[in-house]
Amino acid sequence: MKDFTGKVAVVTGGASGIGRATGQMFAELGMKVVLADVERPALADAVAEMRKRSLDVTGVPTDLTRWDSVKAMADEAVRAYGKVNVAFLNAGVASGGRGNMWDVDLNDWAWGIAVNVWGVIHGIKALLPIMVAQQEEGHCVITSSSVGVIAPTPSGGVYAMTKAAGLSLAEVLYGQLRAQQSTVSASVLVPPGTINTGLFTSTRNRQAEYAPIEPREEPPPLTYTQMLERMNASGNPRRPIEPAEVAEYVVEGIRNDIFWILPGDRHPDIRDNFDALAQARSHSLLTRGDPLEYLQKPT
């Protein structure tokens with residue numbers, strides 16, 4: 001999709017982080033943008049800020065865990081703009097389900113799956129029929145993570161599993177669209193390093209029905225800087241990356257129909273580390289080895 005002018009994009013997780021930065025970039029390129037997010041104050045702020053710059057943006061409060069909410073958002077996008085050309089299924093949470101998998105609260109699993117997996121499924125179910133039927137150029141981007149694509153972190157089983165599901169959904173969606181010779185394509189976004197987003201404080205948006213079953217005292221949320229410090233101390237050094245840089249790669253991926261959107265490629269250290277982990281995983285499979293060849297160190 002070379003020309004973005006006049007096209008319509010729907011961005012989930014659009015109130016902050018990668019979603020907000022990419023939604024703004026879409027609008028700056030002449031697109032009409034629907035920002036969908038569960039966090040109403042942040043969504044209102046994002047919309048107001050972009051409209052001050054005369055960007056054509058609509059905010060729709062959306063709970064991705066609920067099909068009726070996502071369907072209503074898709075209907076509102078069509079009502080407002082008449083079509084949908086880009087679906088950026090980006091929203092995600094770090095569920096709090098850390099530690100040994102057998103000790104993780106079942107509602108940590110449930111919440112992570114509800115947002116990171118069902119949120120993508122709901123987005124595909126609500127938006128792809130619209131996009132395919134239009135027979136216009138279109139693109140669906142699903143946000144995964146390096147821990148879901150090549151190298152899980154043993155301390156974060158819920159997040160790794162749900163992000164691996166995002167990759168599988170993107171791969172199968174790509175194959176199905178190609179098999180139908182659709183004008184719509186698909187990509188997976190694999191953000192590099194650690195992005196400066198609200199992911200590490202995502203429990204602020206945790207719905208009541210997903211509250212931990214076993215009462216516990218929640219540690220104070222880590223700031224982005226604190227998370228970087230923890231990762232560096234654990235032997236998993238991370239380069240800080242701003243969402244606007246990731247947004248540039250999303251646009252490039254859509255424009256050039258690139259399946260693997262890897263924003264770390266412009267940084268040799270990130271690219272080399274990613275490639276080394278990918279090779280280690282492939283080597284483990286081909287030699288019938290074990291995951292210790294590529295698992296990242298616990299943080």
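Select from the stretch 28-73 the residues that are part of a helix (DSSP H, G or I) and basic (K, R) and write down the one among them that is farthest from F4 (Cα to Cα).
To start, the set of residues in the stretch 28-73 that are part of a helix (DSSP H, G or I) comprises 28, 40-52, 67-73.
Filter again for basic (K, R), leaving 40, 51-52, 71.
On the way: R40: 27, R51: 18, K52: 21, K71: 24 Å.
Within the stretch 28-73, the match that is farthest from F4 (Cα to Cα) is R40.
Which residue, of W102, W111, W67, is free of Cβ contacts under 8 Å to residues at least 60 places away in the same chain, aromatic (F, W, Y) and over 26 Å from G175 (Cα atoms)? It would help to see each step written out before you state the result.
Working: W111 fails: free of Cβ contacts under 8 Å to residues at least 60 places away in the same chain; W67 fails: over 26 Å from G175 (Cα atoms).
The match here is W102.
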Exercise for the section: Could you grab me the full set of residues in the stretch 255-292 that are of a type in the set (K, R) and in a helix (DSSP H, G or I)? Expected result: R255, R266, R271, R281
Handout entry: Residues that are of a type outside the set (D, E) and part of a loop (DSSP other than H, G, I, E, B), drawn from the stretch 1-20
Key = M1, K2, F4, T5, G6, K7, G13, G14, A15, S16
Practice task
Kindly establish whether S155 is without any contact (Cβ under 8 Å) to a residue 24 or more places away in the chain and either over 24 Å from K7 (Cβ atoms) or β-branched (V, I, T) (or both).
Solution key: no
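Within the stretch 229-265, how many residues are modelled with pLDDT under 85 and either out of contact with any strand residue (DSSP E or B) (no Cβ under 6 Å at 6 or more places or on another chain) or among the small types (G, A, S) (or both)? Give the steps one after another, and end with the answer.
Kept after step one, since they are modelled with pLDDT under 85, are these residues of the stretch 229-265: 229-241, 264.
From what's left, either out of contact with any strand residue (DSSP E or B) (no Cβ under 6 Å at 6 or more places or on another chain) or among the small types (G, A, S) (or both): 229-237, 239-240, 264.
Residues flagged as modelled with pLDDT under 85 and either out of contact with any strand residue (DSSP E or B) (no Cβ under 6 Å at 6 or more places or on another chain) or among the small types (G, A, S) (or both) within the stretch 229-265 amount to 12.
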Problem - Output for the stretch 88-140, where each listed residue is under 28 Å from A27 (Cβ atoms), among the aliphatic types (A, V, I, L, M) and touching a helix residue (DSSP H, G or I) at 6+ places or on another chain (Cβ under 6 Å) - result: L89, A91, V93, A94, V120, A126, L127
Exercise for the section: Would you be able to say whether some residue in the stretch 189-207 is crowded, with 19+ Cβ neighbours inside 10 Å, of a type outside the set (F, W, Y) and modelled with pLDDT of 90 or more? Expected result: yes
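Here is a list: A27, A15. Which entry is surrounded by fewer than 23 Cβ atoms within 10 Å (Cβ to Cβ), touching a Leu at 6+ places or on another chain (Cβ under 6 Å) and in contact (Cβ under 8 Å) with a residue 24 or more places away in the chain? Walk me through how you get there before you give the answer.
Details: A15 fails: surrounded by fewer than 23 Cβ atoms within 10 Å (Cβ to Cβ).
Unique residue meeting the criteria: A27.
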Fill in the blank from the handout: Selection from the stretch 64-93 of residues surrounded by fewer than 20 Cβ atoms within 10 Å (Cβ to Cβ) and either basic (K, R) or within 22 Å of P243 (Cα to Cα) (or both) yields R66, K71, R79, K83
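Do you know which residues across the stretch 161-194 are polar (S, T, N, Q), more than 21 Å from A247 (Cβ to Cβ) and not in a loop (DSSP other than H, G, I, E, B)? Please lay out each step first, then the result.
Within the stretch 161-194, the first condition is being polar (S, T, N, Q), and the residues that meet it are 162, 168, 176, 180-183, 185, 187, 194.
Filter once more, so that each one left must be more than 21 Å from A247 (Cβ to Cβ): 162, 168, 176, 180-183.
T162, S168, Q176, listed by residue number.
The values are calculated or read from the model by the stated rules, or taken from the named source; none is laboratory data. These figures come from a predicted structure and were not determined experimentally. Quick reminder, even Gly has a Cβ in these numbers, built from the backbone with ideal geometry, and neighbours come from all protein chains shown.
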